[in-house]
1. Connecting C-alpha atoms closer than 10 Å in a GNM of the chain, tell me which of Leu48, Leu114, Leu22 has the biggest fluctuation.
2. When the label point is put 7 Å from the Cα of Ile89 along its Cα-to-beta-carbon vector, which residues of region 45-80 have a backbone N closer than 17 Å?
3. Averaging sequence separations of C-alpha pairs under 8 Å and six or more residues apart, then dividing by the length of the chain, give the relative contact order as a whole percent.
4. Once the Cβ-Cβ distance between Lys25 and Phe130 is put in as r, and R0 is 22 Å, what FRET efficiency do you end up with, to the nearest 0.05?
5. Please list, by residue number, everything in region 17-61 whose backbone N is under 15 Å from a paramagnetic label point 7 Å out along Cα→Cβ of Ile111.
6. Given the options Ala76, Ala41, Ala94, which has the most mean-square fluctuation in a GNM of the chain, springs set between C-alpha atoms less than 10 angstrom apart?
7. Return the equivalent ellipsoid semi-axes of region 27-140 as a descending list in whole Å, where each equals the square root of 5 times an eigenvalue of the C-alpha gyration tensor.
Amino acid sequence: MFETIGAILLSIGLVIKFIKNLLIKYVAFGVVLTFQFSITAATITFALVFYAFVITSLISLYNFGFSISDYINSSAPALSCFMGVLDMIGFLSAVNQGYTLFFASLSTILIFRLIGFTFFIMRMIANEVFKLGVLLGQALS
């Protein structure tokens, strides 16, 4: 009778050990793979959102620079007269041309900085995809 109970406990222990090894092998890889997929997707999403933010900010800044004189003309009548005088002597057109050149220079510098950021983010994405490939290779073997 004791031998039967011992054999039953041993078989239960072996079944538990088998299930534990099975869970460690597949569930742990499943959790790590899911986490790695989310990190890769978050990195790609961050890059796209950042580029959209920078482009939208540049467009808004450019439009704001040209609409400031219209805002000054519509908000205060006394300043409207002064803006008219500045327009007659050609100061506003010179400022607009200077702003256009300044904004083109600023945009060029920002684009070069974005190219550096692009190399950095591509290296990060390639690293995450490599990790994902290694984990998938381990999970499937």
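Bear in mind that the values in this text are calculations on the coordinates, not laboratory data. This structure is a prediction, so every number in the text was calculated from the model and none was measured. Reconstructed Cβ throughout: ideal geometry from the backbone, glycine too, with neighbour counts over all protein chains shown.
1. Leu22
2. 79-80
3. The normalised contact order for the chain reaches 45 percent.
4. Efficiency computed from Cβ-Cβ geometry: 0.50.
5. Residues 55-56, 58-59 fall inside that zone.
6. Comparing Ala76, Ala41, Ala94 in a Gaussian network model of the chain, the most mobile one is Ala76.
7. 52, 15, 5
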